[in-house]
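Inspection log for the structure reproduced underneath, given as structure tokens.
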Amino acid sequence: MWGRGLLRGAKFAQQLSSPSPSSSPSSRSLFSVAAASSPSPNLLSSQFQRGRWFGSSTANMAPVRDPNTLSNYDAWRTRHTTANLKIDFTDKCLRGSVIIELESQTDKASKEIILDSSYVAVNSIKLNSAPSTWEIKARTEPNGSPVHIAVPEGAAKGEVVKVEIELATTDKCTALQWLTPAQTSNKAAPFMFSQCQAIHARSLFPCQDTPDVKSTYDFNITSPYVVVASGVPLPEETKDLGEEKVYKFQQKVPIPSYLFALSSGDIASAPVGKRSCVCTGPNELKESQWELEGDMDKFLEAAEKIVFPYRWGEYNVLVLPPSFPYGGMENPIFTFATPTIISGDKQNIDVIAHELAHSWSGNLVTSCSWEHFWLNEGWTMYLERRILASIHGGDAHFDFSAIRGWKALEEAIKEYGEDHEFTKLCISHKGIDPDDAFSTVPYEKGFHFVWSLDRLVGRQNFDKFIPYYFGKWSNKSLDSYEFKDTFLEFFGAPEYSDLKDKIASIDWEGRFHSTGLPPKPEFDTSLADVCYELAEKWKSKDFTPSPSDVSSWTGNQVLVFLNAVQDFEEALTVEQCQALGKAYGLSESKNAELKAAYYHIAMRSKDTSAYQGVADLLGEVGRMKFVRPLFRGLNKVDRELALETFEKNREFYHPICRQMVEKDLGVAEASK
Ligand code: BES
Ligand code: ZN
């Protein structure tokens, strides 16, 4: 019974089952991009806006400046959310209620609250504890189905209303992956985890799914297995219900919806630092602890020195099963991470420095929409590189990492085409699914912009700006122009008057809205040069490699070398390719970065003996950074094997990854 809702059962069921056509004009990968069809660059550039007003606007209200929400958050703002959810492993859904407390931004001008939703089954909605009139309107892509809740009397400005939604997630939920016990390493229990960034929180429960709105949270999560959530655990408040327990968490720092996170399964934990533990499957615990324990405190202390003290309490890492679609996700209190960082050589934990850095850039200070995503990721790349340089010895390390970033940026821009909208720092998202616009561009173009400001004013001055900026915008969201204003305000102070001309020379509009590469900086190439020198040697067909060529190198140096080889005008011969793999132990490497880079070289050389290895790797990792480029590579050289491998592993991949690979391979929904 669907209560007093205007949407009755039949229509509701139809809405949930009819797949909507994909709206995305292009499919782009994580960090490297495919030469897929893409929107005309000029079509989009004119659509970029600083903000739009939604419905009845009133002075002093913040404009709805996020094109990826259908909510009227100019009129109502979520202040607190209580999630009372049961994790149902039998039906593979979350069910229960979510209570959203919203503050009226108008003086009784708005008579309805509009929330985002995507394929959520809503049972009932109460307004201030009484039944309400509500309706789920038709779905449109990419933003989903808005839920309209009538507030007949409106509410005075500042008044808080309570919306209680009884709901269940459906099998079309894009935020959750459910694993059977057989799909886990110790086979002891099922497992589930969420991934809400960018706009998947709305597939868990109706909410104002925009990074421009922040809410505190209470989590009351019922499960037969251990639960992890993006709040501070309250173990003394756990309620034992016999077969199940209610796990409680609290998030007192207001966070945007995309940072809501849950996971549950046979999860064990071990300490890895003064403020940190690692959580993962019991079989993986020792290795994960070893990989992380030496660096967690160092990372935290380095970050705190650069910005200011960590404000979230604990900083823990949940190492997920291999289908986790990202390297890491900065869910507060518990960073979610791919198990590919547990490579036994501590060569991939830069991901943790990155996710930790988001505790300031992204989680405390948040881009107000996905159009300004560079404020999250560009700043985080900058902080990540500062943290790692401060631990691993300075400028050469920083520049080496920046060189890798520049190379990735060049490649992404080449693949998109240098006039493409998605090569801008600020990317129009009108009608665009953020997953489709996602690429290395906001990361590295953003990084290079932040770094250029650092060099322009000088490190000493910039280091004073960093805590000012993060202090000023803590617990808030901002756009690129507010960032600009903050920078100009800080450096407009009399003590910086000698910088006046330099500051005036910044081409803000060009930086924000130009397509293609930004000005190229001068790098300290000392750590990269050895990699290029070895690559040069491989240009000669009779070079005899030896393991000692690379034995003293870091994994990232080997990667830079492999990328240089991949860029040769002429592909390696099959013999050379096999000699490369053997001499440097690449196809046996536990480091998925190296393995993947090697397989790309092998596919370019048409070394058919490597294809099965590619297919095997595609069954072992679900991290999109590897999966999508490997599928595209395999698709080019052996489409049959690519399709077969995808079908074989379909259930292994997270729904977001599955959808993206379907687009990459041109596998239509209907043909399933
Ligand atoms: N927040 C991102 C992951 C993300 C971005 C998920 C957009 C969904 C939509 C995370 O912080 C990230 O950047 N992860 C990288 C880590 C790398 C840059 C060290 C990844 O997943 O590889
Ligand atoms: Zn990030």
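Structure data summary
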| item | result |
| --- | --- |
| Elements of type helices (runs of 4 or more DSSP H) contained in segment 600-672, each with 1 or more residues being aromatic (F, W, Y) | 611-620, 624-637, 639-649 |
| Segment 366-378, subset within 11 Å of ligand 1 (Cβ to nearest atom) and touching a Ser or Thr at 6+ places or on another chain (Cβ under 6 Å), residue nearest to N331 (Cα to Cα) | N376 |
| Positions within segment 584-593 being within 15 Å of ligand 1 (Cβ to nearest atom) and either hydroxyl-bearing (S, T, Y) or not in a loop (DSSP other than H, G, I, E, B) (or both), in sequence order | A592, E593 |
| Whichever residue in segment 324-350 is out of contact with any Phe, Trp or Tyr (no Cβ under 9 Å at 6 or more places or on another chain) and not small (G, A, S) and, among such residues, is nearest to K274 (Cα to Cα) | D350 |
| Of residues in segment 172-189 being surrounded by 21 or more Cβ atoms within 10 Å (Cβ to Cβ) and part of a loop (DSSP other than H, G, I, E, B), the one farthest from ligand 2 (Cβ to nearest atom) | C173 |
| Some residue of segment 328-341 being under 13 Å from the mean Cα position of the chain (by Cα), among the aliphatic types (A, V, I, L, M), within 14 Å of ligand 2 (Cβ to nearest atom) and surrounded by fewer than 24 Cβ atoms within 10 Å (Cβ to Cβ) | no |
| Qualifying positions in segment 415-462 - polar (S, T, N, Q) and open to solvent by 10 Å² or more (accessible area, probe 1.4 Å) | S452, Q460, N461 |
| Tally of residues being surrounded by fewer than 16 Cβ atoms within 10 Å (Cβ to Cβ) and under 22 Å from I255 (Cβ atoms) across segment 278-303 | 0 |
| Unmet requirement for K346, which otherwise passes all of (1) surrounded by fewer than 24 Cβ atoms within 10 Å (Cβ to Cβ); (2) more than 24 Å from V450 (Cα to Cα); (3) within 16 Å of ligand 2 (Cβ to nearest atom) | (3) |
| Enumeration of residues in segment 597-634 that are closer than 19 Å to I656 by Cβ and either among the aliphatic types (A, V, I, L, M) or touching a Leu at 6+ places or on another chain (Cβ under 9 Å) (or both) | L618, V621, R623, M624, K625, F626, V627, R628, P629, L630, F631, R632 |
| Residue match in segment 410-421 (condition: over 18 Å from the mean Cα position of the chain (by Cα), over 30 Å from R628 (Cα atoms) and away from ligand 1 (no atom under 15 Å from the Cβ)) | no |
| Among (1) in contact (Cβ under 8 Å) with a residue 40 or more places away in the chain; (2) open to solvent by 20 Å² or more (accessible area, probe 1.4 Å), the one test that Q612 misses | (1) |
| Within segment 381-405, tally of residues that are under 12 Å from I306 (Cα atoms) and within 11 Å of ligand 1 (Cβ to nearest atom) | 3 |
| Scan of segment 432-491 for residues that are within 17 Å of the chain's Cα centre (by Cα) and among the aliphatic types (A, V, I, L, M), ordered by number | I432, A437, V441 |
| Residue, nearest to F373 (Cα to Cα), within segment 517-542, restricted to residues that are touching a Lys or Arg at 6+ places or on another chain (Cβ under 9 Å) and open to solvent by less than 50 Å² (accessible area, probe 1.4 Å) | P518 |
| Tabulated pairs, segment 372-384, first open to solvent by 10 Å² or more (accessible area, probe 1.4 Å), second within 9 Å of ligand 2 (Cβ to nearest atom), C-beta under 6 angstrom, 6+ apart or interchain | M381/Y443; E384/H354; E384/A357 |
| Any hit, segment 480-495, residues being in contact with a Pro (Cβ under 7 Å, 6 or more places away or on another chain) and farther than 26 Å from R658 by Cα | no |
| Neighbours by Cβ (under 7 Å, 6+ apart or cross-chain): first from segment 427-445, under 22 Å from P518 (Cα atoms) and outside any helix (DSSP H, G or I); second of a type in the set (V, I, T) and away from ligand 2 (no atom under 13 Å from the Cβ) | S439/V33 |
| Selected residue (criterion: surrounded by the most Cβ atoms within 10 Å (Cβ to Cβ)) from residues of segment 97-115 that are in contact with a Lys or Arg (Cβ under 8 Å, 6 or more places away or on another chain) and under 18 Å from S230 (Cα atoms) | I100 |
| 2 or more residues away from ligand 1 (no atom under 14 Å from the Cβ), over 20 Å from C196 (Cβ atoms) and among the small types (G, A, S): qualifying strands (runs of 3 or more DSSP E) within segment 266-364 | 268-273 |
| Candidates E593, E662, E651, E620, filtered to the one that is over 25 Å from T440 (Cα atoms) and of a type in the set (D, E, K, R) | E651 |
| Criterion (within 16 Å of ligand 1 (Cβ to nearest atom) and open to solvent by less than 40 Å² (accessible area, probe 1.4 Å)) met by exactly one of A596, A602 | A596 |
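This table checks each residue for (1) within 24 Å of the chain's Cα centre (by Cα); (2) surrounded by fewer than 23 Cβ atoms within 10 Å (Cβ to Cβ); (3) at positive phi.
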| residue | (1), (2), (3) |
| --- | --- |
| I136 | no, no, no |
| R139 | no, yes, no |
| H148 | no, yes, no |
| K162 | no, yes, no |
| M192 | yes, yes, no |
| I199 | yes, no, no |
| C207 | yes, no, no |
| P211 | yes, no, no |
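Yes or no, residue by residue, for (1) modelled with pLDDT under 95; (2) under 25 Å from the mean Cα position of the chain (by Cα); (3) farther than 26 Å from D399 by Cβ:
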| site | (1), (2), (3) |
| --- | --- |
| W538 | no, no, no |
| K541 | yes, no, yes |
| T544 | no, no, yes |
| T554 | yes, no, no |
| E570 | no, no, yes |
| Q576 | no, no, yes |
| A583 | no, no, yes |
| A602 | no, no, yes |
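The values are calculated or read from the model by the stated rules, or taken from the named source; none is laboratory data. No experiment lies behind these values; they were computed from the predicted model shown. Quick reminder, even Gly has a Cβ in these numbers, built from the backbone with ideal geometry, and neighbours come from all protein chains shown. Protein only, heavy atoms only, side chains kept; ligands, DNA and RNA dropped before computing areas. Shrake-Rupley method; radii C 1.70, N 1.55, O 1.52, S 1.80 Å.
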